[in-house]
Amino acid sequence: MKTIHSLKEMQEYTALQRAEGKTVGLVPTMGALHEGHLSLIHAARKENDRVVVSIFVNPTQFGVNEDFDQYPRDLETDSKLAEKAGADIIFNPEAKDMYPTDISTSIKMGSIAEGLCGRYRPGHFDGVAIVVNKLFNLVNPHRAYFGQKDAQQVQVIRQMVQDLNMEVEIVSCPIIRESDGLAMSSRNIYLSEDERDSARLLNQALEEGRTFIEKGHRDPEELRQLIQKLLQSDPRLQVQYIEIVHPSTLQPLQFLQKPVMIALAVHIGKTRLIDNIIIEE
Ligand code: AMP
């Protein structure tokens, strides 16, 4: 496995692979790799001749009071994990190369970025869109792999690819969870032991939500209240949002008609966690 820092070298790599008729899969990450990331690498490994894992803590997707400085960074460990999972290339560009001081282009995502996390993280998805756009131009992959854990991110990327006529297939992969149901996240390491214990409730509440829908209830507001009550039963949890939406459009549902996505964001102490579940037709 090789590590590439240079933007030009990255572009040359894929040009060569494409000239030889090879397919390239890209797994964009911010590092601090866990089983969730590795599942994306495995999926990319199965479907492509070459697998590129990008590791870049993208400054433009963090708000001013968010955890950019604190975000865990360990390229050495990540490289070992990525190689074991089947990566051919780690692409680890530098922020000064990705965002030179004279950069002047931005991307403004529309309605797809307005609800859910977008409401509470202004500019976040614009930052995601520009970095993913740049990564697509630099890596020029045939396919790119994203986790359903960040459900709104997947839809934002799909929308951008459609709107800008980009020739890359977007593949979304299921959420990987700890044995007690907590969705894996690089941010879980911020949790104290007690907070980690409380974090189980997120998935439990979503599963209660699934049962509620499977029983045939129709009212999204009743469902929202049920989940809110469950989460509020633990004083360590501060609910930011609970939304009941269509999994593709992310528009709020008037009735609980499948497919239904329940998405939520919760603060536990200083840590913000998100999770979601899709109840399919
Ligand atoms: P991040 O490094 O947090 O930006 O995540 C990189 C990619 O890994 C994104 O597409 C995430 O959605 C995905 N991802 C993160 N956690 C999980 C998980 N628990 N299961 C599946 N995919 C995940």
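When region 164-185 is filtered for residues that are within 22 Å of PHE136 (Cβ to Cβ) and surrounded by 15 or more Cβ atoms within 10 Å (Cβ to Cβ), the ones remaining, listed by number, are MET166, VAL168, ILE170, VAL171, SER172, CYS173. The one condition from (1) closer than 16 Å to SER54 by Cα; (2) within 13 Å of the chain's Cα centre (by Cα); (3) open to solvent by 10 Å² or more (accessible area, probe 1.4 Å) that TYR145 does not meet is (3).
Could you list all residues from region 203-258 that are out of contact with any strand residue (DSSP E or B) (no Cβ under 8 Å at 6 or more places or on another chain) and in a helix (DSSP H, G or I)? If you could, list the steps in order and put the result at the bottom.
Here is the first cut: in region 203-258, the ones out of contact with any strand residue (DSSP E or B) (no Cβ under 8 Å at 6 or more places or on another chain) are 204, 208, 211-212, 215-219, 221-222, 225-226, 229-230, 233-235, 248-249, 254-255, 257.
The answer is GLN204, GLU208, THR211, PHE212, GLU221, GLU222, GLN225, LEU226, LYS229, LEU230.
If you check GLY31, GLY36 for being outside any helix (DSSP H, G or I) and modelled with pLDDT of 95 or more, only one passes: GLY31.
Any residue at all in region 268-280 that's more than 28 Å from VAL156 (Cα to Cα) and either touching a Leu at 6+ places or on another chain (Cβ under 6 Å) or not in a strand (DSSP E or B) (or both)?
Going through region 268-280, the residues more than 28 Å from VAL156 (Cα to Cα) turn out to be 269.
Still in the running and either touching a Leu at 6+ places or on another chain (Cβ under 6 Å) or not in a strand (DSSP E or B) (or both): 269.
The answer is yes, given that some residue of region 268-280 is more than 28 Å from VAL156 (Cα to Cα) and either touching a Leu at 6+ places or on another chain (Cβ under 6 Å) or not in a strand (DSSP E or B) (or both).
Among residues of region 207-228 that are in contact (Cβ under 8 Å) with a residue 24 or more places away in the chain and within 14 Å of LEU264 (Cα to Cα), those with a beta-carbon under 9 Å from a residue that is open to solvent by 80 Å² or more (accessible area, probe 1.4 Å) and assigned to a helix (DSSP H, G or I) at least six positions away or on a different chain give the pairs ILE227/GLU208. Cβ-Cβ contacts under 7 Å between residues 6 or more apart (or on different chains), taken from a first residue in region 91-109 that is over 13 Å from VAL128 (Cα atoms) to a second residue that is open to solvent by 70 Å² or more (accessible area, probe 1.4 Å), are listed as ASN92/HIS5; PRO93/HIS5; GLU94/HIS5. For region 80-93, taking the residues that are part of a helix (DSSP H, G or I) and open to solvent by less than 20 Å² (accessible area, probe 1.4 Å), the one that is nearest to MET10 (Cα to Cα) is identified as ALA82. Confirm whether VAL139 is within 16 Å of the ligand (Cβ to nearest atom), β-branched (Val, Ile, Thr), out of contact with any His (no Cβ under 7 Å at 6 or more places or on another chain) and closer than 30 Å to LEU206 by Cβ. Taking the combined requirement at face value, the residue does not satisfy it.
Here the condition is being touching a residue at least 12 places away in the same chain (Cβ under 8 Å) and surrounded by fewer than 18 Cβ atoms within 10 Å (Cβ to Cβ); of ARG121, ARG73, it holds for ARG73 alone. The residue of region 178-188 that is nearest to the ligand (Cβ to nearest atom), among those that are under 21 Å from GLY269 (Cα atoms) and out of contact with any His (no Cβ under 9 Å at 6 or more places or on another chain), is ALA183.
Sort out which residues of region 9-42 are hydrophobic (A, V, I, L, M, F, W, C), open to solvent by less than 30 Å² (accessible area, probe 1.4 Å) and within 8 Å of the ligand (Cβ to nearest atom), and write them in order of number. Result: VAL27, ALA32, LEU33, LEU40.
The values are calculated or read from the model by the stated rules, or taken from the named source; none is laboratory data. Values in this document were obtained by computation on a predicted structure and should not be read as measured data. Glycine also receives a Cβ, built like all others from the backbone with ideal geometry; neighbour counts cover every protein chain displayed. To get the accessible areas, we keep the full protein, side chains included, count just its heavy atoms, and leave off ligands, DNA and RNA. Shrake-Rupley method; radii C 1.70, N 1.55, O 1.52, S 1.80 Å.
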